[in-house]
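See structure below.
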Amino acid sequence: MTINGGEIKLLAQTEFRQTVLKSFLSSNWIFALFADAGNVWYGSVDKLPAINSGSSIQQVNQTRANLEKGKFKFNQFYKQIAVSAGPGIRLDFDYLVARFDLAFRIHDLQQGWFANGSAYFNFGIGHSF
């Protein structure tokens, strides 16, 4: 079960960009290497989302356990930071930047460090920062 939302957000991003083609197909082509790290947590117990009153006891207990895992705990938060990195291409037009990235999960929160060898394609408009 996935529970979306949160009150505490941590994000760190870095990117190295190098122009490889200028004015090709009406845009500058930029090669990028990037790394991202972060997560989202719930804050205090009082502000956790409400649990559906029509749920069974087992569903309520499972939801509470999942919410407990998502609470921010200062002595554990650094273990719960996901990390990804990879290469990308930026097409820099006069009016927008299109990003095409291939990300690899360096720290997958379910599988651990360097355990997920799958590549994930991402597309975005504008620089991420």
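The values are calculated or read from the model by the stated rules, or taken from the named source; none is laboratory data. Keep in mind it's a predicted model, so treat the numbers as computed, not measured. Cβ placement follows ideal geometry from the backbone for every residue including glycine, while neighbour counts extend to all protein chains displayed.
Condition (residue is part of a strand (DSSP E or B), modelled with pLDDT of 90 or more and within 19 Å of the chain's Cα centre (by Cα)) applied to region 21-32: is it met by at least one residue? Taking every residue of region 21-32 in turn, at least one turns out to be part of a strand (DSSP E or B), modelled with pLDDT of 90 or more and within 19 Å of the chain's Cα centre (by Cα). Please pick out the residue among ALA65, ALA98 that is among the small types (Gly, Ala, Ser) and either exposed (fewer than 14 other Cβ atoms within 10 Å of the Cβ) or more than 30 Å from SER23 (Cα to Cα) (or both). Being among the small types (Gly, Ala, Ser) and either exposed (fewer than 14 other Cβ atoms within 10 Å of the Cβ) or more than 30 Å from SER23 (Cα to Cα) (or both) holds for just one of ALA65, ALA98, which is ALA65. Among the residues of region 95-113, those identified as closer than 24 Å to PHE31 by Cβ and either more than 16 Å from the chain's Cα centre (by Cα) or charged (D, E, K, R) (or both) are TYR95, LEU96, VAL97, ALA98, ARG99, ASP101, ARG105.
All conditions in (1) among the hydroxyl-bearing types (Ser, Thr, Tyr); (2) assigned to a strand (DSSP E or B); (3) farther than 19 Å from LYS9 by Cα hold for SER84, with the sole exception of (3).
Inside region 2-18, residues that are modelled with pLDDT of 90 or more and not in a strand (DSSP E or B) make up a count of 0.
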